1. Report yes if some residue within segment 73-80 is within 13 Å of ligand 1 (Cβ to nearest atom), loosely packed, with under 14 Cβ neighbours inside 10 Å and more than 16 Å from Ala44 (Cα to Cα); otherwise report no.
2. Pick from segment 24-44 the residues that are under 15 Å from Asn73 (Cα atoms) and within 11 Å of ligand 1 (Cβ to nearest atom): which of them is surrounded by the most Cβ atoms within 10 Å (Cβ to Cβ)?
3. Six or more apart or on different chains, Cβ under 6 Å: which pairs go from a residue in segment 94-110 that's over 16 Å from Asn79 (Cα atoms) to one that's hydrophobic (A, V, I, L, M, F, W, C)? Could you list them?
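Throughout, read-outs are computed from the coordinates displayed, never taken from laboratory work. It should be emphasised that the depicted structure is a prediction, and the values quoted were computed from it without experimental measurement. Here the Cβ positions follow ideal geometry from the backbone for every residue, glycine too, while neighbour counts run over all protein chains shown.
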Amino acid sequence: MAQKILSIAFFVLALSSSADAGKLGDIIFDDKAESLKKAGVAPAVFPHARHEDIYKCDDCHPKIFQDKRGANNITMQKNMSGEFCGSADCHNSQKAFPLYQCDKCHREKK
Ligand code: HEC
Ligand code: HEC
């Protein structure tokens, strides 16, 4: 009995640690290097793991973002008009900090 409980505990432990290990880290958006520089903002940092904690994969993939690094042509105009980061319920709603807080996203240290 004790052994069975122990093996279940190990199984659960293995599951949760492998789920953590699978999380993606920060993704840096700097495709638009030239216009970022011109506007005087740093490249944007997307904390993938934090978003994984709050949403399901298919909340974003594929309807908001293609799940391939560099595959999404994100501009601020698109963000402001309700695509990508500015999609409904995201950074143009009460649920997350708003798009005018530039430095919360544009914060990669250079
Ligand atoms: C809040 C939205 C969001 C959620 C939720 C989300 N992702 Fe992503 N994911 C992104 C963004 C943004 C990128 C970066 C795309 C880019 O670089 O253009 C990305 C990138 C990826 C990539 C590509 C990584 C690479 O190095 O090329 C994979 C794979 C991925 N996500 C899988 C997942 C899985 C699996 C889940 C659920 C556990 C998930 N995503 C949840 C937004 C999200
Ligand atoms: C929720 C996150 C987020 C916020 C807030 C945000 N941005 Fe962005 N912004 C991005 C992402 C992601 C990109 C894509 C960058 C790339 O791929 O190079 C981007 C791109 C840009 C670009 C380059 C592309 C273009 O459209 O010209 C500029 C300039 C820019 N942002 C300025 C701003 C300014 C100014 C603010 C505040 C008023 C702001 N951003 C707020 C996420 C954000």
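1. No - not one qualifying residue is present in segment 73-80.
2. Going residue by residue through segment 24-44, those that are under 15 Å from Asn73 (Cα atoms) are 27-36, 43-44.
Next, only the ones that are within 11 Å of ligand 1 (Cβ to nearest atom) stay: 27-31, 44.
Details: Ile27: 14, Ile28: 13, Phe29: 20, Asp30: 13, Asp31: 15, Ala44: 22.
That would be Ala44.
3. Arg107/Ala42; Arg107/Val45; Glu108/Ile28; Glu108/Ala42; Glu108/Val45
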